[in-house]
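Trainee: Handing you this structure, nothing more for now.
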Amino acid sequence: MAKFFLSYGYNLIIFFIISHLMSILGKLNPWNPSIPYEILSLNISSKLSTNSHAIKESSKDFGKIIQEILPAAVLYPSCVNDIIDLIQFSHDHSVPFHVAAKGHGHSIRGQAMAKNGVIVEMSSLNNNNNENCGVRVSWDLGLGFYADVGGEQLWIDVLRSTIEYGLAPVSWTDYLYLTVGGTLSNAGISGQTFRYGPQISNVHEMDVITGKGELVTCSKDMNSELFFGVLGGLGQFGIITRARIVLDKAPTRVKWVRMLYDDFSKFTKDQEHLISIHHNGLDYVEGSLMMEQSSLNNWRSSFFSPSNQTEIASLLSKNKIMYCLEIVKYYDDQNANTIDEELKQLVKGLKYLGGFMFKKDVSFVEFLNRVRSGELELQSKGKWDVPHPWLNLFVPKSSIMHFHAAVFVDIILRQNKTTGPILVYPTSRKRWDDRMSTVIPEEETFYCVGLLHSSSGYKECKILDNQNEEILNYCDKVGLNIKQYLPHYKTKEDWIKHFGKKWNIFQQRKDLFDPKMILSPGQRIFN
């Protein structure tokens, strides 16, 4: 009898252990609560966490708008093969589960989340990097200088590594604490885009893990369908683990100038003129709105002195809305003696307000990393880690005056709810490759518009989100032909409309590279 109870007790313990493991693993599957325990035989089992703290942290993003979408587990990969094993396991199982790669978590509306699925914390590759080596700078007779960069790398680290060789990528985002894989999955834009194209136009080659769990090297000439699909593909076709980035000689310093306008037409015409100068032109052109209710020195940078601010505030109280044109010209020792004259010729004839030109001379790295100091200041005041109901748009040149009157003046200025920078600057379509997934307006010149709101809490966030909705509805109603950048839609019909003529090929690529729809469910395109 004692032997029976010992045997029974031992079996009961084993049963409870297996049941506990199954309950943990079962959470990985959104449709079937019993993913088989074969996952325990994989090398990644020790790198999967179902810890409540890990779950909550991986379900947060910069937007702070969507927070209830919890994954079942988090993978902390130490190498690329860990991600391959995870995706292959999901793909090969009869009932797959979702997988989403998370870089620096700078998404706005839960795009990097995976309800009941697995979040892959890409930064873990950097912490354990013995395979991709982070950033490797090389030279090739056909390509020139380039850098092989892990998809988990932050652009600030790419800059720090390449600048040691006197080199740097040519296209940037305003904020550098974003991952390479993250920006290449969208486009990567800033004031350099008119000249050098978006970041997705400056990639030679990539290594990508598809939704089948296959590691594929791709370029314009090799596996090109995957290459063009992934660039701007919102994570739908694969996870970028390596990108070969274009490099060029890095300048050492920049002339940084801001000019103020009280007339939007003059402001936009001057921007369009400046981006049309192809030989020895500017390296960066970016415009922004200034409103009486918004801070002159926001998180983008602190540029104006206290006396400047007093003068500008006086102008704003009279005009209510003004426009700031921001330009940069790179230089080094070779043209240090001529840079002032070059800049003088470039701004000649511009219609900015007399007496309202402000100049700075800073290092190249200081300019590129200009947002960081503003971020640290806001963090110290508890104003960075707040909801960000951003709206980013591409507006055709033919619609920008209408957009200004209806959106900037009527909706935003009238409602007086501006709580962050508003960017507006032109770029050229010829710098974009239409074979890539990103959708842009059909016109040769279009404007990048960013309503970069920060809100103090849920109530204000809701008000700003309603304003965003009003803007989108108006643009759709009157046919301004805008396109969302960092898009967010609630229905498949909206996504089909967004992609337009690209929808069929987008769907074909999904069927080809992620047929079981495992990847990036947070975009809500196919689910």
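Trainee: Could you tell me how many of the residues in the stretch 244-259 are in contact with a Leu (Cβ under 6 Å, 6 or more places away or on another chain) and either assigned to a helix (DSSP H, G or I) or buried (at least 23 other Cβ atoms within 10 Å of the Cβ) (or both)?
Mentor: Matching residues across the stretch 244-259 total 1.
Trainee: Hey, can you tell me all the residues within the stretch 317-335 that are touching a residue at least 24 places away in the same chain (Cβ under 8 Å) and more than 32 Å from the chain's Cα centre (by Cα)?
Mentor: Correct list: SER317, ASN319, ASP333.
Trainee: Quick one: count up the residues across the stretch 53-76 that are of a type in the set (Ser, Thr, Tyr) and either part of a strand (DSSP E or B) or open to solvent by 10 Å² or more (accessible area, probe 1.4 Å) (or both).
Mentor: So the first thing to find is which residues in the stretch 53-76 are of a type in the set (Ser, Thr, Tyr), and the list is 58-59, 76.
Narrowing the set further to residues that are either part of a strand (DSSP E or B) or open to solvent by 10 Å² or more (accessible area, probe 1.4 Å) (or both) leaves 76.
Of the residues in that region, 1 qualify.
Trainee: Right, another one. Show the residue pairs that are 6+ apart or on different chains and have beta-carbon atoms under 6 Å apart, the first residue being within the stretch 155-166 and more than 12 Å from VAL137 (Cα to Cα), the second being open to solvent by less than 40 Å² (accessible area, probe 1.4 Å).
Mentor: TRP155/LEU176; TRP155/LEU178; ILE156/LEU176; ILE156/TYR177
Trainee: To continue, here is another question. For the stretch 233-257, what are the residues that are under 25 Å from the mean Cα position of the chain (by Cα) and farther than 16 Å from TRP172 by Cβ?
Mentor: Listed by number, the residues that qualify are GLY233, LEU234, GLY235, GLN236, PHE237, GLY238, ILE239, ILE240, THR241, ARG242, ARG244.
Trainee: Got a sec? Which strands (runs of 3 or more DSSP E) wholly within the stretch 114-215 have at least 3 residues that are in contact with a Phe, Trp or Tyr (Cβ under 7 Å, 6 or more places away or on another chain)?
Mentor: Ranges flagged: 135-140, 203-210.
Trainee: Just one of THR310, THR268 is outside any strand (DSSP E or B), outside the structural domain of PRO169 (by the TED database) and surrounded by 19 or more Cβ atoms within 10 Å (Cβ to Cβ); which is it?
Mentor: Of the residues listed, the single one that is outside any strand (DSSP E or B), outside the structural domain of PRO169 (by the TED database) and surrounded by 19 or more Cβ atoms within 10 Å (Cβ to Cβ) is THR268.
Trainee: Confirm whether SER201 is open to solvent by less than 30 Å² (accessible area, probe 1.4 Å) and either in the same structural domain as ASP85 (by the TED database) or hydroxyl-bearing (Ser, Thr, Tyr) (or both).
Mentor: no
Trainee: Please verify whether the stretch 84-102 includes one or more residues that are on the phi > 0 side of the Ramachandran plot and part of a loop (DSSP other than H, G, I, E, B). Break it down into steps so the answer makes sense when it comes.
Mentor: Of all residues in the stretch 84-102, those on the phi > 0 side of the Ramachandran plot come to none.
No, there is no match, as no residue in the stretch 84-102 is on the phi > 0 side of the Ramachandran plot and part of a loop (DSSP other than H, G, I, E, B).
Trainee: Got at least one residue in the stretch 462-470 being in contact with a helix residue (DSSP H, G or I) (Cβ under 7 Å, 6 or more places away or on another chain), of a type outside the set (Ser, Thr, Tyr) and in the same structural domain as MET291 (by the TED database)?
Mentor: Yes, the stretch 462-470 contains a residue that is in contact with a helix residue (DSSP H, G or I) (Cβ under 7 Å, 6 or more places away or on another chain), of a type outside the set (Ser, Thr, Tyr) and in the same structural domain as MET291 (by the TED database).
Trainee: Return yes when ASP465 is of a type in the set (Asp, Glu), open to solvent by 60 Å² or more (accessible area, probe 1.4 Å) and either within 24 Å of ILE87 (Cβ to Cβ) or part of a helix (DSSP H, G or I) (or both) and no when it is not. Steps first, please.
Mentor: Working: of a type in the set (Asp, Glu): yes; open to solvent by 60 Å² or more (accessible area, probe 1.4 Å): no; either within 24 Å of ILE87 (Cβ to Cβ) or part of a helix (DSSP H, G or I) (or both): yes.
The answer is no for ASP465.
Trainee: State yes or no: is THR210 over 20 Å from MET357 (Cβ atoms), of a type outside the set (Asp, Glu), surrounded by fewer than 19 Cβ atoms within 10 Å (Cβ to Cβ) and at pLDDT 95 or above?
Mentor: It is false that THR210 is over 20 Å from MET357 (Cβ atoms), of a type outside the set (Asp, Glu), surrounded by fewer than 19 Cβ atoms within 10 Å (Cβ to Cβ) and at pLDDT 95 or above.
Trainee: A further question on this structure: Which number in (1) modelled with pLDDT of 95 or more; (2) closer than 26 Å to ILE525 by Cβ; (3) open to solvent by 10 Å² or more (accessible area, probe 1.4 Å); (4) not β-branched (Val, Ile, Thr) marks the one condition that LEU393 misses?
Mentor: Here LEU393 clears every test but (3).
Trainee: Follow-up. Given the structure, is LEU282 part of a loop (DSSP other than H, G, I, E, B), aliphatic (A, V, I, L, M), modelled with pLDDT of 90 or more and buried (at least 19 other Cβ atoms within 10 Å of the Cβ)?
Mentor: Against the criterion (part of a loop (DSSP other than H, G, I, E, B), aliphatic (A, V, I, L, M), modelled with pLDDT of 90 or more and buried (at least 19 other Cβ atoms within 10 Å of the Cβ)), LEU282 qualifies.
Trainee: If you don't mind, there's one more thing I want to ask. So, in the stretch 251-294, how many residues would count as being touching a Cys at 6+ places or on another chain (Cβ under 8 Å) and farther than 26 Å from ASN369 by Cβ?
Mentor: Looking only at that region, the number is 1.
Trainee: Does the stretch 77-92 contain any residue that is in contact with a Phe, Trp or Tyr (Cβ under 7 Å, 6 or more places away or on another chain) and either crowded, with 24+ Cβ neighbours inside 10 Å or among the hydroxyl-bearing types (Ser, Thr, Tyr) (or both)?
Mentor: Yes - at least one qualifying residue is present in the stretch 77-92.
Trainee: Moving on. Of everything in the stretch 403-453 that's open to solvent by 40 Å² or more (accessible area, probe 1.4 Å) and of a type in the set (Asp, Glu), which residue is farthest from the chain's Cα centre (by Cα)?
Mentor: Once the filter is applied, the top-ranked residue is ASP410.
Trainee: Any residue at all in the stretch 327-346 that is hydroxyl-bearing (Ser, Thr, Tyr), open to solvent by less than 70 Å² (accessible area, probe 1.4 Å) and closer than 13 Å to LEU260 by Cβ?
Mentor: So far as the stretch 327-346 goes, no, none of its residues is hydroxyl-bearing (Ser, Thr, Tyr), open to solvent by less than 70 Å² (accessible area, probe 1.4 Å) and closer than 13 Å to LEU260 by Cβ.
Trainee: Within the stretch 484-527, take every residue that is outside any helix (DSSP H, G or I), open to solvent by 20 Å² or more (accessible area, probe 1.4 Å) and of a type in the set (D, E, K, R) and give me the one that is farthest from LEU393 (Cα to Cα).
Mentor: LYS516
Trainee: Go through the stretch 363-383 and give me each residue that's open to solvent by less than 40 Å² (accessible area, probe 1.4 Å) and either among the basic types (Lys, Arg) or touching an Asp or Glu at 6+ places or on another chain (Cβ under 6 Å) (or both).
Mentor: Residues satisfying the conditions are ARG370, VAL371.
Trainee: For the structure I just gave you, tell me whether GLU164 is surrounded by fewer than 20 Cβ atoms within 10 Å (Cβ to Cβ), more than 30 Å from LYS397 (Cβ to Cβ) and not aliphatic (A, V, I, L, M). I'd like the intermediate steps shown before the answer.
Mentor: Values: surrounded by fewer than 20 Cβ atoms within 10 Å (Cβ to Cβ): yes; more than 30 Å from LYS397 (Cβ to Cβ): yes; not aliphatic (A, V, I, L, M): yes.
Yes.
The values are calculated or read from the model by the stated rules, or taken from the named source; none is laboratory data. Predicted model only: the values in this text are computed from it and were never measured. For neighbour counting, all protein chains shown are included, and Cβ atoms are generated from backbone atoms with ideal geometry for every residue, glycine included. Only protein heavy atoms, including side chains, enter the accessible area calculation; ligands, DNA and RNA are left aside. Shrake-Rupley method; radii C 1.70, N 1.55, O 1.52, S 1.80 Å.
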